[in-house]
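For reference, the structure is listed below as structure tokens.
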Amino acid sequence: MTVTPIQQPLIQLNGVTKTLKGQGEPRPILSGVDLTVRAGESVAILGRSGSGKSTLLSLIGLFDRPDGGQYLLHGADITRVPERRAARLRSQEFGFVFQRFFLLKHLTAAQNVAMALVNGQGWLARRKRRARVLAALEQVGIAHLAKHRPARLSGGEQQRVAIARALVRQPRILLADEPTGALDTETGALVIDVLHAATDRGCGLILVTHDHAHANRMGRVVRLRDGLLVPDRAGVAV
Amino acid sequence: MALTGRLRSAVVIGGQGIRARKLRTFLSMISLFLGVLAIVAVQASSVLANRALLADIEMNEGKDGTVVVGVPPGTESVSAVLDLVTGHPGAVATTSTGAIIGEPGLTPVNPGGVPLRYADQGGPAMKMVCDGRGNCYSEVSDDKPPPRGNAVELLVVGVTGDIRQFRPFQLEAGSWLDFGGQPSMSPRLVLNREAAEAFTRYQLPAEMTIGGSGSQPSPGSPHPTPRVVGAVHDGSSQPTAYVRADELLRWLPETSNAAQSMGILMTPQASASITPALRAKLGPELAGQIYTHTVDSRERIGGQLDMMKWIFYGMAALVLLIGVAGILNVGLATVGERVEEFALRRAVGTPRLLLAGIVLAETLIIGLLTAAAAIAVGVVGLEAAGQVFGANRPTLQNVEFPWEAGVAGVAAGLVAGVLGGLFPAIRAARIPIATVMRA
Ligand SMILES: Nc1ncnc2c1ncn2[C@@H]1O[C@H](COP(=O)(O)OP(=O)(O)O)[C@@H](O)[C@H]1O
Ligand SMILES: [Mg+2]
């Protein structure tokens, strides 16, 4: 095992807890999650349905805040970051991919990707925006489909548009919540390829999946069980 | 920089939203249109009615700020007033008396100088009486009337100068009185509409008996032959003729001065010098009977139309409210439909306030576009009304669309936009981002 130089973790979760209160009793979902992700690292999160994987991603992606514990981004404590700053961090630091693609059907592929650039956080002139969008579409291999609307794209192509949308701002961390859940095995593998390629450029990747084959392509595999993250393979640290 | 980024993003996002839902935007506008149009129409008609009323009052009494002085009748008063006022640029004296034009020795068709629509209606004998405030009116007369005939009784108003600076008459034919040069031996008359109507309706010989029907035509009553030089609209329904005061006085017997009513219209500046001088000339007893007031019609009629205006405004607001309910309904449905889009936009970093602002801006734009449409319809409608009804309703002729109605329309559009957009905007801001993970 080679010793890599000490590197500031991209994100670091220490004993993060979250209780959700739905219609019934408040239910503790996360009861002390520890997780560290560094640049270029990829982590797969496995776990039963309803175990809290999406809840965990929503805390990491600053959709929501933890009840307890500590969340550091580049070493800075953002456990209780206010919403205005959280919005800016979501824009600058994170890219999101979901099980459903959430493309706006009245916009073209390129416009859907540009949506992440037209978000009130800074402004790029049209030409720069177009260049960025095309580069992102290129990166996922569908630049030729830029003018197509979602209705004319296959599932795999639509998910790749969604990934381009996640990549277009060159995020530090990609968060993917079951991105292959709605795709066949072959297409799913292609999507995982595209996501994995992002880590080559130093992007961190957290992939929630049910597919062991996809999980095993990540650098690390962890499992969410009883509100805690535990190593899935012997000898691999969380 | 941050601000322009937000603004530009908002424009792009809002534009995409509207373009994606053109039909819905259009339907919202339709639901709002009648309400905004109602507001525009109420405001426009209230302004126009006010203006028309004010214009009538200005012609009848004088423009706001005009000082009106009533002088007690009498030979002394007449000469004092004429002395002070004649030739003064800021003051015009009027002396009113009754006169009958037509065959002498007959009762006129409108005894007492009543409006022609009451002519030939019989009833008690009337005579014209003028009071010390310069007002002349008809009164039942006890005298035995001569037979009715081809004659019309007029109010004759002698003026010392151009009275139109205070009472803006509209010249309708011929010319206005010429105050230059010597007084003519045959009095030159300018008729008002009602008097002109009398001349076209009855074949009147051009013979005038000054003094009115009330006083039995005495053998000494003058019979000048007048010349009609023009016609004006003076807002009065009483047949009236205007004449140079000096031409009128030439024909008036000294003895009839007592029956005359005198008035002065002047600017406040002129009044400052003329009124005290007049009091001094008349002496304490007559000065005590001088009556002075300043015209303030605008304030006085302000209240008159308010009641109606507010009733109509209430009804218009109700129609507008129905429109707002429509736009609100559409807005809420749209936000419900866009839950995922908004959650996703927030996930990619769009601030919630910006999204709420965009939702609000979309309805505001709908409100403003609707207002523009309603104002356009109002302008065209007014134009059309002028073309169609203008012939018999001069108040509708060449009327410009009042800017107040435009302002009211824009305000109504904005209010409707805010009311219709606020709840959808708040709802949009409350959508949790995690929605995108639970679908
Ligand atoms: N808004 C919510 N309020 C209450 N409970 C919730 C809410 N969202 C999710 N849950 C519950 O939290 C648990 C974890 O959900 P989730 O994180 O989506 O699980 P996973 O992604 O692992 O399937 C589930 O039991 C779910 O029913
Ligand atoms: Mg999930």
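The values are calculated or read from the model by the stated rules, or taken from the named source; none is laboratory data. Predicted, not measured: the structure shown is a model, and the values here were computed from it. With ideal geometry, Cβ positions are generated from the backbone for all residues, glycine too; neighbour counts draw on all protein chains shown. Please note that ligands, DNA and RNA were not included when accessible areas were found on the heavy atoms of the full protein model with its side chains. Shrake-Rupley method; radii C 1.70, N 1.55, O 1.52, S 1.80 Å.
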**Q.** The one condition in (1) within 14 Å of ligand 2 (Cβ to nearest atom); (2) in contact (Cβ under 8 Å) with a residue 12 or more places away in the chain that A:Ser58 fails to fulfil
**A.** (2)
Q: Go through B:Val71, B:Val36 for me and flag whichever is more than 14 Å from chain A (Cβ to nearest Cβ) and farther than 27 Å from B:Val379 by Cβ.
A: B:Val71
Q: Just one of (1) within 24 Å of B:Gly161 (Cβ to Cβ); (2) assigned by TED's automatic domain parsing to the domain that holds B:Ala374; (3) at pLDDT 85 or above trips up B:Leu32, so point out which.
A: (1)
Q: Might you let me know whether the range A:92-113 holds any residue that is surrounded by fewer than 24 Cβ atoms within 10 Å (Cβ to Cβ), at the interface with another protein chain (Cβ under 8 Å from one of its Cβ atoms) and assigned to a helix (DSSP H, G or I)?
A: yes
**Q.** A:Leu20 within 16 Å of ligand 1 (Cβ to nearest atom), closer than 27 Å to A:His212 by Cβ, without any contact (Cβ under 8 Å) to a residue 60 or more places away in the chain and among the aliphatic types (A, V, I, L, M)
**A.** no
Q: Need at least 3 residues that are at pLDDT 85 or above and either under 19 Å from B:Thr209 (Cβ atoms) or open to solvent by 40 Å² or more (accessible area, probe 1.4 Å) (or both) per element, so show me which strands (runs of 3 or more DSSP E) inside the range B:56-164 make the cut, counting only ones lying wholly within it.
A: B:151-159
Q: Determine whether B:Ala325 is away from chain A (no Cβ under 14 Å) and of a type in the set (Gly, Ala, Ser).
A: yes
(Q) Residue under question is A:Ile173, and the condition is that it be among the β-branched types (Val, Ile, Thr) and more than 16 Å from ligand 1 (Cβ to nearest atom); does it hold? (A) yes
Q) Which condition breaks for A:Gly32 when tested against (1) more than 10 Å from ligand 1 (Cβ to nearest atom); (2) at pLDDT 95 or above? A) (2)
Q: Among the residues of the range A:140-160, write down those that are assigned to a loop (DSSP other than H, G, I, E, B), open to solvent by 30 Å² or more (accessible area, probe 1.4 Å) and not small (Gly, Ala, Ser).
A: A:Lys147, A:His148, A:Arg149
(Q) Checking B:Ala347 against (1) open to solvent by 40 Å² or more (accessible area, probe 1.4 Å); (2) among the hydrophobic types (A, V, I, L, M, F, W, C); (3) touching a strand residue (DSSP E or B) at 6+ places or on another chain (Cβ under 9 Å): exactly one of these is not met. Which one? (A) (1)
Q: All but one of (1) among the aliphatic types (A, V, I, L, M); (2) more than 16 Å from ligand 1 (Cβ to nearest atom); (3) open to solvent by 40 Å² or more (accessible area, probe 1.4 Å); (4) more than 30 Å from B:Val42 (Cβ to Cβ) hold for B:Ala428, so report the exception by its number.
A: (3)
Q. If you go through the range B:3-27, how many residues are touching a residue at least 40 places away in the same chain (Cβ under 8 Å) and either out of contact with any Asp or Glu (no Cβ under 9 Å at 6 or more places or on another chain) or facing another protein chain (nearest Cβ under 10 Å) (or both)?
A. 8
(Q) Which of the numbered conditions does B:Arg338 fail, given that it passes all the others? Conditions: (1) within 14 Å of another protein chain (Cβ to nearest Cβ); (2) surrounded by fewer than 24 Cβ atoms within 10 Å (Cβ to Cβ); (3) farther than 25 Å from B:Leu32 by Cα. (A) (3)
Q) Residues of the range A:109-157 being among the basic types (Lys, Arg) and closer than 26 Å to B:Ile358 by Cβ, which ones? A) A:Arg126, A:Arg127, A:Lys128, A:Arg129, A:Arg130, A:Arg132, A:Lys147, A:Arg149
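Here's the yes/no breakdown for (1) touching a Pro at 6+ places or on another chain (Cβ under 9 Å); (2) part of a loop (DSSP other than H, G, I, E, B); (3) within 16 Å of ligand 2 (Cβ to nearest atom); (4) among the small types (Gly, Ala, Ser):
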| site | (1), (2), (3), (4) |
| --- | --- |
| A:Lys18 | yes, no, yes, no |
| A:Gln23 | no, yes, no, no |
| A:Pro28 | no, no, no, no |
| A:Thr36 | yes, no, no, no |
| A:Ala39 | yes, yes, no, yes |
| A:Ile45 | no, no, yes, no |
| A:Gly50 | no, yes, yes, yes |
| A:Ser54 | no, no, yes, yes |
| A:Tyr71 | no, no, no, no |
Q.
Can you tell me which condition A:Arg130 does not meet? The list is (1) away from ligand 2 (no atom under 16 Å from the Cβ); (2) buried (at least 20 other Cβ atoms within 10 Å of the Cβ), and all the others hold.
A. (2)
